[in-house]
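In what follows, a structure is listed as structure tokens, so that the remarks can point back to it.
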Amino acid sequence: MKTITVSASLLILGVGAASAQSCPAAVPFGSQDRLDELAARCNVTPEAILRANDVGAEADLGTAGAVAIPRPRADDADGLLDRAGDVLEDTAEQADALATEAGSRASDFVADTDLGGALSPGPQISMARLPTGSFRIEAGGLPPASEVRLALWQGETLLADATRAADAEGEVAVDLAAAGHVASGPQVRAELTADGDLHLRASID
């Protein structure tokens, strides 16, 4: 399983920004202290600390007892924001690529297994009025070879009905003609019953 690896740069940026705020304007510094560790803790460069204290080497800081900590310059802050933006953009691209790959693999897996059939549409019915005045009723997703009763209604009036067997694919189609005149007004609807507990309905103006 693939996991999205978020670059540690973003975490470093966040820690650095917080550390810079925690460093006072001057901090104790003795011969046992390290310039690079202090610079990292305060989110400034070792060179910036040397310039702020007007010395040229780390050894010269130990004699002062305390060192001045410069504030990050505006351009330093802009650089941090730019780096953070780059990290977020890279992370978003990684996530998008992995999501696309995962979706493709899931589709391939479903297509190669019996799940593909399990995810097919369930029972459904449709009807259409034919030029002859009769109605074509089609249904699919039914239990294969099941006995299906189809009825044509208008309001509470039964216009026609028939019983058919669904084929091996679970489909059935039948044309039903109304026994009498189809009045205007209530919708004409088709109702299907299969295996006693499956009921489908479709209507047409």
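The table below lists the values:
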| quantity | calculated |
| --- | --- |
| Pairs with Cβ under 8 Å, 6+ apart, first in region 53-68 and of a type in the set (S, T, N, Q), second assigned to a loop (DSSP other than H, G, I, E, B) | Asn53/Leu61; Asn53/Ala64 |
| Among residues of region 121-146, those that are modelled with pLDDT of 90 or more and more than 42 Å from the chain's Cα centre (by Cα), counted | 2 |
| Condition check for Gly56: assigned by TED's automatic domain parsing to the domain that holds Ser31 and either of a type in the set (D, E, K, R) or modelled with pLDDT under 80 (or both) | no |
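The values are calculated or read from the model by the stated rules, or taken from the named source; none is laboratory data. Values in this document were obtained by computation on a predicted structure and should not be read as measured data. Glycine also receives a Cβ, built like all others from the backbone with ideal geometry; neighbour counts cover every protein chain displayed.
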